[in-house]
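What follows is a set of notes on a single structure, which appears directly below.
The values are calculated or read from the model by the stated rules, or taken from the named source; none is laboratory data. Just so it is clear, the structure is predicted and the values come from calculations on it, not from any experiment. Because the Cβ atoms are built from the backbone with ideal geometry, glycine has one as well, and the counts that use them run over all protein chains shown.
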Amino acid sequence: MRRMSFLAILTVLLAVPAAQAACPDYLNVNKRPLTGGEAINLCETYRGQVMLVVNTASKCGFTRQFEGLEALYARYQDRGLVVMGFPSNDFGGQEPGTEEQILEFCRLTYGVQFPMFEKTHAAREQADPLYRGLAREAGGVPGLELPQVPDRP
């Protein structure tokens with residue numbers, strides 16, 4: 001019995017570092033929800049889920065994509081997908097509002113319910129470690145010209 005207890009404790013102690021090692025450093029960060037309150041650790045909160053990290057801007061030509069992102073989140077959240085919005089003013093000053101204004105715009109205009117987080121730098125030297133890590137994992141940062149995808153029914 002003592003041996004069994006020792007093995008159980010050893011297994012738990014070994015599982016904790018293994019679980020932490022499974023989370024890359026750039027995701028093991030605390031971010032404050034746009035709704036306010038305490039910052040949350042992305043790894044702890046979304047462990048085991050597929051995370052779609054999106055930098056957003058309310059005054060961007062792609063703003064209407066909030067609808068598609070919300071539809072994607074609503075459809076697949078119960079299967080482990082979380083869409084995570086990070087407003088950024090880095091691209092042409094297209095997110096000039098306060099966090100409260102951004103949240104109100106997203107909720108009232110597009111019905112956004114997926115998690116939105118604090119304004120974050122997503123570009124160049126000022127990029128948040130989250131975005132730097134994502135870019136490193138992706139093999140670089142995509143250019144500003146995105147391929148055109150035809151509308152689908």
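Across region 82-111, what is the number of residues that are over 22 Å from residue 30 (Cβ atoms) and not in a helix (DSSP H, G or I)?
The total comes to 7.
Looking across region 33-50 at every residue that is among the hydrophobic types (A, V, I, L, M, F, W, C) and surrounded by fewer than 16 Cβ atoms within 10 Å (Cβ to Cβ), the one that is nearest to residue 104 (Cα to Cα) is identified as 39. Only a single criterion out of (1) surrounded by fewer than 17 Cβ atoms within 10 Å (Cβ to Cβ); (2) in a loop (DSSP other than H, G, I, E, B) is not satisfied by residue 72, namely (2).
Condition check ((1) under 12 Å from the mean Cα position of the chain (by Cα); (2) at pLDDT below 85; (3) acidic (Asp, Glu)) across all residues:
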| position | (1), (2), (3) |
| --- | --- |
| 43 | yes, no, no |
| 52 | yes, no, no |
| 68 | no, no, no |
| 77 | no, no, no |
| 81 | yes, no, no |
| 95 | no, yes, yes |
| 99 | no, no, yes |
| 108 | no, yes, no |
| 114 | yes, no, no |
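The residue that is modelled with the lowest pLDDT, among those in region 54-66 that are outside any strand (DSSP E or B) and surrounded by 15 or more Cβ atoms within 10 Å (Cβ to Cβ), is 63.
Going through region 74-129 one residue at a time, which ones are of a type in the set (Lys, Arg) and touching a Phe, Trp or Tyr at 6+ places or on another chain (Cβ under 9 Å)? Break it down stepwise before answering.
Just the residues of region 74-129 that are of a type in the set (Lys, Arg), to begin with: 75, 79, 107, 119, 124.
Across region 74-129, the qualifying residue is only 119.
Reported count of residues in region 43-75, each being of a type in the set (A, V, I, L, M, F, W, C) and in contact (Cβ under 8 Å) with a residue 40 or more places away in the chain, is 3.
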